[in-house]
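Written below as structure tokens is the structure these notes are about.
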Amino acid sequence: MDRRKFLKKSTTLSLAHLGLSPVLLGSSPLFAASLPTNIVDFSATQLSQAIRLGNVSCVETMQAYLEHIHRYNPSYNAIVSMVEDDELMAQATDADEAIAKQNYRGWMHGFPHAAKDLTPVKGLRFTSGSPMFANRIAEQDSGLVKKMRDSGAIFIGKTNTPEFGLGSQSYNPVFGATGSAYDPALTAGGSSGGAACGLGTHMLPVADGSDMMGSLRNPGAFNNVIGFRPSTGLMGGGDPFSRSLATSGPMGRDTKDTIALLHVIASQPGNEQAHALHSALPGPEHFLPLDFKRAKIAWFGDCDGYLAMEQGILSLCETSLAKVSGAGGVVEATTPNFDLSELWRAWLTLRNWSRISYRDYYENADTRAQLKPELIWEIERSYELSVEDIYLANDIRARWYAQLNRLFDSYDFIALPTAQVFPFSKNLHWPKQIDGQQMDTYHRWMESVILGSLSGLPIVNVPVGFDAKGRPMGMQIMGRYGDDKKVLEFALAYENVTDHLSVRPTLISV
């Protein structure tokens with residue numbers, strides 16, 4: 001059956017079966033009247049409430065999203081490994097029947113959701129963007145996926161990512177490249193590029209991602225959405241006291257949605273979560289916009305010229321910070337008292353060391369041939385490292401912690417650009433130079449994010465607007481370790497004094 005005919009027929013049948021009308025049910029007239037005309041334009045918070053109250057059905061929601069995805073995803077390539085429409089509509093019908101039986105599963109009940117293709121979803125392809133795993137099917141859900149499924153999410157597919165998540169450009173030999181929501185010819189960033197583009201194009205209500213070197217923040221900036229990297233340990237997994245380099249986290253079309261998803265996916269107290277973080281996440285209703293009159297922000301900018309920066313980025317950030325100042329915040333230009341080139345060397349050592357798990361692929365000639373050059377380079381560097389190298393890198397990292405803690409004695413937040421370049425052609429694997437300065441590694445152009453990654457601090461990407469070519473950019477707001485609520489409350493207040501999130505892209509279909 002033709003896809004559109006199937007969607008139309010299945011919606012009518014499913015709603016009739018449940019005794020529902022294929023229009024807004026109106027159990028809350030005032031709320032229903034406040035909703036956008038198109039379901040895909042509901043915020044995730046609105047959608048969750050509309051489903052819970054019966055203003056829209058899960059079947060209607062799935063139909064709207066599938067039609068939107070089939071129309072626009074071919075241009076953007078954000079969502080991959082899609083589940084068949086009839087299966088998804090059947091799951092949506094089951095979700096409606098559950099509500100009819102008063103079995104409401106949680107905040108994501110009936111949400112069409114695509115998980116990042118670095119995490120397994122039972123029964124779906126799990127490629128990690130690698131040709132070695134192009135046909136791998138996940139046998140079970142990851143812990144992150146289980147939390148979202150338990151909250152009612154319906155998994156429609158995966159979001160595209162670079163090979164093994166390496167690089168802030170979401171391309172791979174399995175699915176190709178993902179385009180920015182604002183121009184599909186430009187990169188969506190990475191490694192959560194498919195997730196961020198899916199949000200920016202309204203193909204997803206919310207999105208999960210992960211972040212080692214800006215992989216929640218950079219795509220957030222390149223798609224004009226919110227990306228939040230939590231304090232290391234808040235999401236569970238690993239040793240929270242070591243502040244590992246990577247963490248998973250939420251993305252949203254706005255901060256309120258991001259906060260709600262964070263509450264779904266964060267580790268629960270007593271379940272791998274560090275005791276010090278137990279108080280970091282009171283209920284979403286306790287998150288209120290920060291009073292900027294009580295906020296003091298250290299503006300790093302380009303760190304006194306150390307970070308190469310494409311023209312126009314600093315001015316966009318500073319214009320937005322001026323609005324924070326106008327609302328009563330104190331913003332001071334500050335340069336960290338630290339040798340940032342030393343910090344970069346520590347980053348290279350620790351990142352390369354983290355690649356030892358890929359050595360089996362490298363040492364097998366057949367699989368080595370399928371690895372991208374950037375991963376081969378990192379693996380080869382891992383063989384050169386000594387115990388002393390690791391010790392010295394961790395010593396640098398410890399001194400960086402101390403420097404940040406001293407800054408937080410004087411400031412509430414630290415701000416700096418999320419990226420050092422605007423979105424570039426998705427056919428370019430990585431920028432070789434910025435403003436005339438050569439980049440000596442495939443990830444040097446994203447050096448601005450390691451100041452947060454090495455610290456394990458909570459960091460939110462907030463939008464700062466667009467350049468003359470319409471390319472979006474963002475700014476990182478960092479808080480003290482464990483101050484996740486305070487950082488997100490900054491973002492809530494920031495939305496009240498800026499209007500960047502209201503600028504939506506003109507979508508392109510093939």
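The values are calculated or read from the model by the stated rules, or taken from the named source; none is laboratory data. Because the structure is predicted, anything quoted here is derived from the model rather than measured. Note: ideal-geometry Cβ built from the backbone for every residue, glycine included; neighbour counts use all protein chains shown.
Quick notes on this structure:
- Yes/no for F292 being crowded, with 17+ Cβ neighbours inside 10 Å, more than 25 Å from A419 (Cα to Cα), modelled with pLDDT of 95 or more and not aliphatic (A, V, I, L, M): no
- Per-region count, the stretch 108-161, residues of a type in the set (F, W, Y) and closer than 19 Å to T61 by Cβ: 2
- Residue, surrounded by the most Cβ atoms within 10 Å (Cβ to Cβ), within the stretch 151-184, restricted to residues that are among the hydrophobic types (A, V, I, L, M, F, W, C) and farther than 28 Å from E87 by Cβ: L166
- Residues of the stretch 360-377 classified as more than 28 Å from the chain's Cα centre (by Cα) and either under 30 Å from F408 (Cα atoms) or among the basic types (K, R) (or both), total: 1
- Pairs meeting the criteria (first residue in the stretch 327-338 and on the phi > 0 side of the Ramachandran plot and surrounded by fewer than 17 Cβ atoms within 10 Å (Cβ to Cβ), second residue among the charged types (D, E, K, R) and assigned to a loop (DSSP other than H, G, I, E, B), beta carbons under 8 Å, at least 6 apart or on different chains) are G328/D291.
- In the stretch 138-150, the residues that are surrounded by fewer than 20 Cβ atoms within 10 Å (Cβ to Cβ) and either touching a strand residue (DSSP E or B) at 6+ places or on another chain (Cβ under 6 Å) or assigned to a helix (DSSP H, G or I) (or both): G143, K146, R149, D150
- One residue stands out among those in the stretch 51-83 that are part of a loop (DSSP other than H, G, I, E, B) and within 23 Å of G193 (Cα to Cα): the one that is nearest to the chain's Cα centre (by Cα), which is A78.
Every residue, every condition in (1) among the aromatic types (F, W, Y); (2) in contact with a Phe, Trp or Tyr (Cβ under 9 Å, 6 or more places away or on another chain); (3) farther than 29 Å from L507 by Cβ, yes or no:
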residue: S57; (1), (2), (3): no, no, no
residue: I69; (1), (2), (3): no, no, no
residue: N77; (1), (2), (3): no, yes, no
residue: D96; (1), (2), (3): no, no, no
residue: A114; (1), (2), (3): no, yes, no
residue: D117; (1), (2), (3): no, yes, no
residue: S130; (1), (2), (3): no, yes, yes
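- Here the stretch 382-403 is the region considered, the condition is being surrounded by fewer than 20 Cβ atoms within 10 Å (Cβ to Cβ) and in contact with a Ser or Thr (Cβ under 7 Å, 6 or more places away or on another chain), and the residue that is nearest to F338 (Cα to Cα) is Y401.
- The residue pairs whose first member lies in the stretch 90-119 and is more than 25 Å from A78 (Cβ to Cβ), whose second member is hydrophobic (A, V, I, L, M, F, W, C), and whose beta carbons are closer than 6 Å, counting only pairs six or more residues apart or on different chains, are T93/V59; D96/L18; D96/C58; D96/V59; A100/L18.
- Condition broken by G167, with the remaining ones in (1) among the small types (G, A, S); (2) on the phi > 0 side of the Ramachandran plot; (3) in contact with a strand residue (DSSP E or B) (Cβ under 9 Å, 6 or more places away or on another chain) satisfied: (3)
Residues checked against (1) in a strand (DSSP E or B); (2) more than 15 Å from the chain's Cα centre (by Cα):
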residue	(1), (2)
A114	yes, no
S128	no, yes
S191	no, no
P219	no, no
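- Of all residues in the stretch 462-492, those satisfying the criterion of being surrounded by 21 or more Cβ atoms within 10 Å (Cβ to Cβ) and in a helix (DSSP H, G or I) are D484, V487, L488, E489, F490, A491.
- The C-beta contact set for the stretch 34-55 (first residue under 22 Å from A98 (Cβ atoms), second residue of a type in the set (K, R) and part of a helix (DSSP H, G or I), distance under 6 angstrom, 6+ apart or interchain) comprises T45/K256.
- Pair list, Cβ < 7 Å and 6+ apart or interchain, from the stretch 175-187 residues that are within 24 Å of F164 (Cβ to Cβ) and of a type in the set (K, R) to residues that are modelled with pLDDT under 95 and surrounded by fewer than 24 Cβ atoms within 10 Å (Cβ to Cβ): none
- Any hit, the stretch 451-472, residues being free of Cβ contacts under 8 Å to residues at least 60 places away in the same chain and out of contact with any His (no Cβ under 6 Å at 6 or more places or on another chain): yes
- Residue check, L199 without any contact (Cβ under 8 Å) to a residue 60 or more places away in the chain, in a helix (DSSP H, G or I) and touching a helix residue (DSSP H, G or I) at 6+ places or on another chain (Cβ under 8 Å): yes
- Verdict on E318 being without any contact (Cβ under 8 Å) to a residue 24 or more places away in the chain, over 25 Å from A468 (Cβ atoms) and either assigned to a loop (DSSP other than H, G, I, E, B) or out of contact with any helix residue (DSSP H, G or I) (no Cβ under 9 Å at 6 or more places or on another chain) (or both): no
- Among residues of the stretch 281-293 being in contact (Cβ under 8 Å) with a residue 60 or more places away in the chain and not in a loop (DSSP other than H, G, I, E, B), the one that is nearest to T232 (Cα to Cα) is H286.
- Within the stretch 493-510, the set of residues being part of a helix (DSSP H, G or I) and either modelled with pLDDT under 95 or more than 23 Å from Y76 (Cα to Cα) (or both) comprises A493, Y494, E495, N496, V497.
- Flag for E374 being touching a Gly at 6+ places or on another chain (Cβ under 8 Å) and under 13 Å from E163 (Cβ atoms): yes
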